[in-house]
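Okay, structure first, notes after.
The values are calculated or read from the model by the stated rules, or taken from the named source; none is laboratory data. Given the structure is predicted, the values throughout are model-derived calculations rather than measurements. We place every Cβ from the backbone using ideal geometry, glycine too, and count neighbours over all the protein chains shown. SASA here: full protein model, heavy atoms, side chains in, ligands and nucleic acids out. Shrake-Rupley method; radii C 1.70, N 1.55, O 1.52, S 1.80 Å.
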Amino acid sequence: MQIQEIKAEDLNVEEFINQKVQEISSIVGEELAINALSGGVDSSVVTMLGHKALGARLKTYFVDNGIMREGEPEKIVSLFKELGVNVELFDGKKEFFDAFKGITDPEEKREAVTQTFYKDIFGKLVGESSAKYLFQGTILTDVDETVAGIKRQHNVFEQLGIDPQETFGYKIIEPLIQLRKPAVRMLAKALGLPEEIYERPPFPGPALAARVIGEITPERIETVRKATKITEEELCQTGAFQYLAILHKDRVTGMRDGKRDFGLQIEIRCWDSTDARTASPTRLPHETLEKLAGRIITEVPGVVSVTYNITQKPPSTIEAV
Ligand code: XMP
């Protein structure tokens, strides 16, 4: 079925919120529902809409999959607590790292994230709670790229002919499926979410797993996590759409203390874009790049090379995996 896009310039925020709250209430009725919050702007908006419609009949989980950014799980849980929304933290680290063992192919990685999240973890959580529905923040851009066969976004099912009820045992509700990022940000602001959420750069569902080329292990995630923290600190004032650090699989020869150091490579990407469908590398000042590289090679153990990607999307994509 063709999804009817609602463009940001055509969005009537109040009307959309009221309509979705009504729709959600009438679909869920007196049943229970479960909500998957990642802290990104999409799932944060869905969380606010869902709780507006269902109150305590919606249970919200944040799954700590071991591949989030530093301190993110605790930060998001406490931010929503301040907004009056109780979020339960679920420790799924073991499930995810077990699923990643031995996998290097990008689509297999994405499939491992999907299966672990929707089947193993939410299959169990929804089943135990007797809920019938899972809420998630899929937007139109996720659907477009998946259907075009470019990249299987972790959260797209029906458009690929997958029935979540049959496959995972619950129905999925996607209130934002007609929107793209700019429209979602307008809703986030109207729903009272703080600026750090509604202005948050996008972050992929497969999290740091989308930024590790080669096998995903706790150690390699820790390397990219440290590089990500520095990259976000150094580039957050640039006004760019998204900025990220990628850990490469190949090592290169560097030198440290006068000796060969066959070390790790980090690639930086920083994008100008409005909706992630096309993007251009930001023309960062050389001083900014040098400072960033300097911090990464001194603060992230094992890294001897930092590069900056200057390719357009397309043919590049925003993430590496
Ligand atoms: P790409 O890498 O396809 O990314 O150019 C386009 C936008 O989508 C984000 N992204 C994802 N978001 N699940 C998501 O929710 C995913 O599997 C996923 N993969 C990429 C990416 O960060 C960018 O903003």
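Volume per residue, Å³, of the convex hull around the alpha-carbon atoms of the range 119-214?
On the way: hull volume 13.0 nm³, N = 96.
Convex hull of Cα atoms, per residue: 135 Å³.
Separation of the range 4-18 and the range 158-217 by C-alpha centroid, Å?
The range 4-18 and the range 158-217 have Cα centres separated by 18 Å.
Quick one: 3J(HN,Hα) in Hz for the range 190-204, Karplus 6.51/-1.76/1.60 with θ = phi - 60°, rounded, Gly and Pro as x.
After applying 6.51 cos²θ - 1.76 cosθ + 1.60, I find 5, 7, x, 6, x, 4, 4, 8, 6, 9, 5, x, x, 9, x Hz.
If you count, for each residue, the other Cβ atoms within 10 Å and average over each peptide, how do 132-144, 194-206, 109-121 line up from highest to lowest? Write out the running numbers ahead of the final one.
Working: 132-144: 22.7, 194-206: 18.0, 109-121: 20.4.
Descending packing order for the listed peptides: 132-144, 109-121, 194-206.
Once phi is turned into θ = phi - 60°, what whole-Hz ³J(HN,Hα) does the Karplus curve with 6.51, -1.76 and 1.60 give for every residue of the range 9-16, x standing for Gly and Pro?
Running phi through 6.51 cos²θ - 1.76 cosθ + 1.60 with θ = phi - 60° gives 6, 9, 7, 9, 4, 4, 4, 4 Hz.
Could you give the nm distance between label points at GLU195 and MET255, where each point is 7 Å from its Cα heading toward the beta carbon?
Placing both labels 7 Å beyond Cα along the Cβ direction yields 4.7 nm.
Leaving out ligands and nucleic acids, note down the accessible area per residue over the range 243-285 with a 1.4 angstrom probe, in whole Å².
Details: 2450 Å² over 43 residues.
Heavy-atom SASA per residue in the range 243-285 reads 57 Å².
Show the residues, 5+ positions off or on another chain, whose built amide H is closer than 5 Å to the amide H of PHE90.
So PHE90 has HN proximity to PHE62, VAL63, ASP64.
Give me the percent of the accessible area of the chain that comes from carbon and sulfur atoms, probe 1.4 Å, all protein chains in place. Mind dumping the intermediate values first?
On the way: 7440 of 15010 Å².
After summing per-atom areas, the C and S share lands at 50 percent.
If I take R0 = 25 Å and measure r between the Cβ atoms of ASN86 and GLU14 in this structure, what FRET efficiency does the formula 1/(1 + (r/R0)^6) give, to the nearest 0.05? Don't jump to the answer; show the numbers that get you there.
On the way: r = 26 Å, r/R0 = 1.04.
For R0 = 25 Å, the calculated efficiency reads 0.45.
Name the residue from ALA131, GLY294, ILE121 whose Cα lies farthest towards the positive end of the charge dipole of the chain, charges +1 on Cβ of Lys and Arg and -1 on Cβ of Asp and Glu.
Highest projection toward the positive end goes to GLY294.
Using alpha carbon centroids, what distance separates the range 88-102 and the range 248-277, in Å?
Cα centroid of the range 88-102 versus Cα centroid of the range 248-277: 26 Å apart.
Percent relative contact order of the chain, based on C-alpha pairs within less than 8 angstrom and at least six residues apart?
Across the chain, relative contact order equals 17 percent.
When the helices in the chain are scored as -39500 (n - 2.57) per DSSP H run of 4 or longer and the sum is shared across all residues, what 222 nm value do you end up with, to the nearest 500 deg cm²/dmol? Could the numbers behind the result be given before it?
Values: 12 runs with 125 residues, N = 321.
Roughly -11500 deg cm²/dmol at 222 nm, from the helical runs in the chain.
Please give the peptides 277-288, 243-254 ranked by average Cβ packing (other Cβ atoms within 10 Å per residue), highest first, as a rough proxy for protection.
Working: 277-288: 14.3, 243-254: 17.8.
Most protected by this proxy first, the peptides run 243-254, 277-288.
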